[in-house]
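The values are calculated or read from the model by the stated rules, or taken from the named source; none is laboratory data. Since the structure is predicted, the reported quantities are computational estimates derived from the model, not experimental observations. Reconstructed Cβ throughout: ideal geometry from the backbone, glycine too, with neighbour counts over all protein chains shown.
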Amino acid sequence: MTNFARIGMVAIGFASFAQASNAGGWDAGTLDTSFMYNEGGYVELSTAPITSNVEANIQGQTAKHKMAKDQTRSSFAIKMEYGDFDFGLVSYMSGAIQLDGQSAHAAGCNPATAAIALCSAVPSADVKMNSLAVLGRYKFSDALSVMAGANRYSIGSGASVTTLTGYYEVSGDQIVPTYGAAYEMSDIALRIELIAQPQTNISNFTAKSSLASSIATTAVSGESMKIPQTMTLNFQSGIAEDTLVFGSVRQASWKNAQIDIPENGSVSDVASSFSNKTSYSFGLGRKFTDEFSGSISYATEAGGGSTTTDAFTLRNGHQTINIGGRYTMDNMTLSAGLSYTKTGDVELAVAPVFTASYKDNTVTAFGLKVGFSF
């Protein structure tokens, strides 16, 4: 493997920490295929604690409350080579709704009286979606390869959302096809890769609801959830000795991939209002010694506007700076990265009286990764 390629792997790998903390819709992390381009056998483990300094004040009150929960996201990947075929397996957290809005009620909140003005319309939620993807890559030549596989998305038991008017439990899983192609020129570490996933309905998505978490839930009828269509273009190329440029463009059609939980007796409905998202990242990687290389990158995603009526919206886009380093010892690599994100300010207004003001919020992530070649 060229030194250029090694730089590219750490650079692109730590650019993904930005996506992990601020992707569109309710993405937590996206499918990272860079491990599939290692020579021979390869395995890696990574973890990234994420600190969300995302606060808001409700109905113009001076006190602010933390609306997003801190998280830790981990992943595992392994790849094996058999002639012109590569086979890989990767596990990662692909989705998360981690909110604490119902703890923002002011003293005296009562939804049944005029004191409803002291209540928060922002939900509390503990929903995680995990992915397990199986990938195969065939190399037609040193320059051209294709990739295909299946990605299983799964919402585990215990996932719940609490709003001012109801409590909801959700579960489900679905297998989504994945496919792509890559063009490479190894002498300059050029790689252009396109990865796609089609929109897919989660056919066995189920929801239950009740007026409060202390009341037994009953099954909902007509609930639905979709995985969005996505297209990701990854690229890298050497531009000078021991220096590489890299980046990505990712488009996700969230507008056609909403979550809808209908009314259930006296329990109100809950529905998402996602919009299509396109995210961009661009960075530089540099080999400093035979053992150490580093990278710096910038990532951005436009928001849906400075105002919203969606109580699940906590930001209006984001801008992120990532720095990463990688140290190689024989067949082992140790990587570390830091991601700092500034989220766009947004004003929430929900009828009849609810507001939440998000200003000057940030998200930070520190990631560690260890990889072994065999």
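Numerical summary
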read-out	value
Identity of the residue in the stretch 86-101, among the hydrophobic types (A, V, I, L, M, F, W, C) and within 13 Å of the chain's Cα centre (by Cα), that ends up farthest from M129 (Cα to Cα)	I97
Pairs where the first residue, in the stretch 129-140, is under 10 Å from R152 (Cβ atoms) and the second is among the aliphatic types (A, V, I, L, M) and not in a strand (DSSP E or B), C-beta under 8 Å, 6+ apart	S131/L31; A133/L31
Output for the stretch 177-191, where each listed residue is buried (at least 19 other Cβ atoms within 10 Å of the Cβ) and at pLDDT 95 or above	T178, G180, A182, E184, R191
Among (1) at pLDDT below 95; (2) within 14 Å of the chain's Cα centre (by Cα); (3) on the phi < 0 side of the Ramachandran plot - the single one G25 does not satisfy	(3)
Every pair of residues 6+ apart whose Cβ atoms lie under 8 Å, when the first sits in the stretch 288-309 and is within 16 Å of G367 (Cβ to Cβ) while the second is part of a loop (DSSP other than H, G, I, E, B)	G294/F288
Options T308, T289; residue that is crowded, with 16+ Cβ neighbours inside 10 Å and polar (S, T, N, Q)	T308
Residue satisfying condition, being surrounded by 15 or more Cβ atoms within 10 Å (Cβ to Cβ), small (G, A, S) and closer than 30 Å to T165 by Cα, within set A77, A112, A104	A104
Number of the exception - Y168 against (1) farther than 26 Å from F246 by Cα; (2) among the hydroxyl-bearing types (S, T, Y); (3) in contact with a Gly (Cβ under 7 Å, 6 or more places away or on another chain)	(3)
Output for the stretch 120-154, where each listed residue is assigned to a strand (DSSP E or B) and among the acidic types (D, E)	D126
Elements of type strands (runs of 3 or more DSSP E) in the stretch 22-99, at least 1 residues being touching a residue at least 12 places away in the same chain (Cβ under 8 Å) and in contact with a Pro (Cβ under 9 Å, 6 or more places away or on another chain)	71-82
Failed condition for F372, given (1) within 30 Å of K66 (Cβ to Cβ); (2) at pLDDT 95 or above	(1)
The listed residue being over 29 Å from N151 (Cβ atoms) and either out of contact with any Ser or Thr (no Cβ under 6 Å at 6 or more places or on another chain) or modelled with pLDDT of 95 or more (or both), out of S279, S273, S266	S266
Selection within the stretch 216-272 - charged (D, E, K, R) and within 30 Å of L284 (Cβ to Cβ)	E241, D242, R250
Matching option when the condition is among the hydroxyl-bearing types (S, T, Y) and within 27 Å of C119 (Cβ to Cβ), among S224, S209	S209
Spans of strands (runs of 3 or more DSSP E) in the stretch 259-374 with at least 2 residues farther than 30 Å from N204 by Cα and over 24 Å from the mean Cα position of the chain (by Cα)	277-287, 292-301, 318-329, 332-343, 346-350, 354-358, 362-373
Verdict on Q61 being modelled with pLDDT under 95 and either under 20 Å from the mean Cα position of the chain (by Cα) or among the polar types (S, T, N, Q) (or both)	yes
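Every residue, every condition in (1) modelled with pLDDT under 95; (2) touching a Leu at 6+ places or on another chain (Cβ under 8 Å); (3) buried (at least 16 other Cβ atoms within 10 Å of the Cβ); (4) farther than 21 Å from S253 by Cβ, yes or no:
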| position | (1), (2), (3), (4) |
| --- | --- |
| S141 | no, no, no, yes |
| L144 | no, no, no, yes |
| A150 | no, no, no, no |
| S157 | yes, no, no, yes |
| Q174 | no, no, yes, no |
| E193 | no, yes, yes, no |
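Residues checked against (1) out of contact with any helix residue (DSSP H, G or I) (no Cβ under 7 Å at 6 or more places or on another chain); (2) among the aromatic types (F, W, Y):
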| site | (1), (2) |
| --- | --- |
| V267 | yes, no |
| F292 | yes, yes |
| G303 | yes, no |
| S339 | no, no |
| G367 | no, no |
| V370 | yes, no |
| F374 | yes, yes |
